[in-house]
Structure formats: C-alpha cells, structure tokens
Protein chains: 2
Amino acid sequence: MQEVTTHFGNVSRKCRYALRAMFELTLRQGGKPLKVNEIAASQSISVRFLEVILSELRQGGFVESRRGKSGGYLLARKADSIFVGQIINFVQGNGHRDCLDTSKQTVPGDWAMAGLWRRVNEVVDNIYNNTSFADLIAQEAAMKDDYIGNYVI
Amino acid sequence: MQEVTTHFGNVSRKCRYALRAMFELTLRQGGKPLKVNEIAASQSISVRFLEVILSELRQGGFVESRRGKSGGYLLARKADSIFVGQIINFVQGNGHRDCLDTSKQTVPGDWAMAGLWRRVNEVVDNIYNNTSFADLIAQEAAMKDDYIGNYVI
DNA sequence: GTATAATACTACTAAACCAATAGGAATAGT
DNA sequence: ACTATTCCTATTGGTTTAGTAGTATTATAC
C-alpha cells in the first residue's frame, strides 16, 4: 500500500503553525494570557509571522487577545469545543472560497470523479471535525507515555 | 458538519486531467489506440498540455503509445489493475518528494500532529488505492442510471 | 499621565509552484 | 518521400505561500 497524498494532510505551513499555536495555548492555558514570543519560541515559529497568524485566529473567534504590558493570547473557548477542522477551514480557506462546481461542462467521468472527491472529503472531514484540541493534548500524552514505555523501561 | 478540505481531494488540476485521460482510455479502449486530440476534445483539456501529461503517464508505465499516422495511446494494463492512487502518487509526486521529517526539532505537539496526519493519510490512501478505473466506470454508469431513475421516470 | 510593552493593521517582497505554451525532433504508416 | 502523430526540453505567466517591515493602537504599571 503506497502513500498517495503529500504528508501533513495537504495542509499549508501557515495552517500547521496555526494548529500548533492553538495546541500551545491549550497546553499552557491558566488565566494569564500567553505572549506571542513565548509561543513562537516554544514552537520555533517566526515571531512576526506568528503575529499575523494569531491575529487571524482572533478575527475567527478562536482566541482572545489582551493588549498592553501584560497582554497576550488566550483560548476563546474551552479546548474540547474547538476542533482542528474549524481551524483548518478558517485559515486555509480565507478569502478565496474556491467556486466549487462552476464547471458544469459535463464530460465523461464527471459523476464518478465527483463521487470520488466526495468520499475522500467525507472521511477527511470526519477526522478533522472530530478532533478537538483537548483530544490532541490527550493523544500527545498517551503517545509519549507509549514511547517511554517501549524504549526506556 | 462543515467542509474542511478544498474540493477535488487536494489533487492538482494536472493530476485530475491525468485521471480523466485514464478514465477516457478505459472507457473507449478497443484495440485501436486513442489519439490525444480525441481525448482532449472529449474531456475539454488543452491538447498541448494533455500531450505532456500522457507522456508522463507513459513513462510511469500506465499507458502505452503508438507513434506515426495511426498512433495514439492505450492502457498498459487491464483497467481493474490500475488504481487511482497509483496515478495520483505518480503525477503529483514527480520529482520533489517532500523531504518528510527532516525537521526532527521536537516541539510540543509533534506526536499528536504526526498522529493526526497519519490517520488522515491512511483513510485517504485507503480510498485511492482501492479504486480502480474499472470501478470508476462502473460507478459512473450506476450514478447515471440513478439520476435517470430519479428524475425522468 | 507618561513611558512602555505588548497586540493590530496594512502593505510589501521573494520564492516556490502550477498550468499552459512553444518549437522542434523522432517515428511509423501510407 | 510525405504526413500525421507522439516525444522531448525549455520557457512563460500567473497565482499562492511564507515571511518581513513599518507603524499605529492599546492597556498596564509606575
């Protein structure tokens, strides 16, 4: 069984940064806002670029920001109600909502192809829309434990 | 449930053309080779661009070509042994096999993210690698019948 | 109430990638 | 030989992406 899709689930670097920022915010939430610097350092992302990304996430309603001296970013909702799919959808599809099926030009294979893309989108969406950041944190912990369990004991 | 991925399963236009060309070749196979012109016309693809694509498909061993006056293209194997995933893998990943995980830089979330991409790639690959062009032809026929059944009778 | 440390906004740039084009060389049938 | 076709290599133009830069705005601390 060979690998078909390019890795990272066909998600742009920017979008992956957004996911990691959300992950970090989930991981280190605790009343106090988290500074862009800190997130950037922890995740090794360019500070400037991360500013842009977090600003978009704020406009999307996923995070809240506090300005001024002791400002930073916070999750806008609880981590178990924010799903990976929402972030990907928002960051990836900002602006150019690809005009789906304008091409009603009916060539042989249209039906079969449409069916194929539909099936693929279904399974992918199913994963993305059912993985919350709370889930990711849990998985991270579990996988790390697993690793230690297998290799260190 | 909102839609996450961009439509067409994140497959490039060129790659989609390749799939349609294969579909057409499957549909109209019958001893005689099929000309690029004919495929291009039937699928409304630029002839020149389709030449490039078919040439690549030949190098990939998916089609055979006959040159000269009554030349054209033929499937290299039977349609039920050529899978969508093979085409996508070959056309999409020509040359720049994205240096997967060079970035062993261990930031928080690495494990969880890797797991996420793995799950996504698994389900997608599963679909692509189990859909042959024979399947597509069958599906096309079935879906068309269904359409007629619902709307015309 | 002023200095300061942070986010917010807008625009820009460089590079990568993609779709498509161009021109001609090789080949096989008639 | 002629001609219709595939074959090969290179190049273009456009779009997207990743990242940068400069400045404005805001809230806090003192």
Legend entry - Single unsatisfied condition, A:ILE45 versus (1) within 14 Å of another protein chain (Cβ to nearest Cβ); (2) more than 10 Å from DNA strand D (Cβ to nearest atom); (3) not in a helix (DSSP H, G or I): (2)
Inset, instruction - Considering (1) farther than 19 Å from A:MET113 by Cβ; (2) surrounded by fewer than 16 Cβ atoms within 10 Å (Cβ to Cβ), say which one B:SER46 fails and leave the rest. - result: (1)
Inset, instruction - Output yes when any residue across the range A:63-81 is closer than 20 Å to A:VAL11 by Cα and in a helix (DSSP H, G or I), and no when none is. - result: no
Inset, instruction - Report, by residue number, each residue of the range B:48-90 that is in contact (Cβ under 8 Å) with a residue 60 or more places away in the chain and more than 11 Å from chain A (Cβ to nearest Cβ). - result: B:ILE82
Inset, instruction - Could you figure out which of (1) in contact (Cβ under 8 Å) with a residue 40 or more places away in the chain; (2) not in a loop (DSSP other than H, G, I, E, B) isn't true of B:LYS32? - result: (2)
Inset, instruction - Assess whether B:ARG16 counts as being basic (Lys, Arg), under 19 Å from A:TRP117 (Cβ atoms) and surrounded by 13 or more Cβ atoms within 10 Å (Cβ to Cβ). - result: yes
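None of the figures in this text is laboratory data; all of them are computed from the coordinates on show. Please read all numbers here as calculations on a predicted model, not as lab measurements. Here the Cβ is made from the backbone with ideal geometry for all residues, glycine too, and neighbour counts use every protein chain on show.
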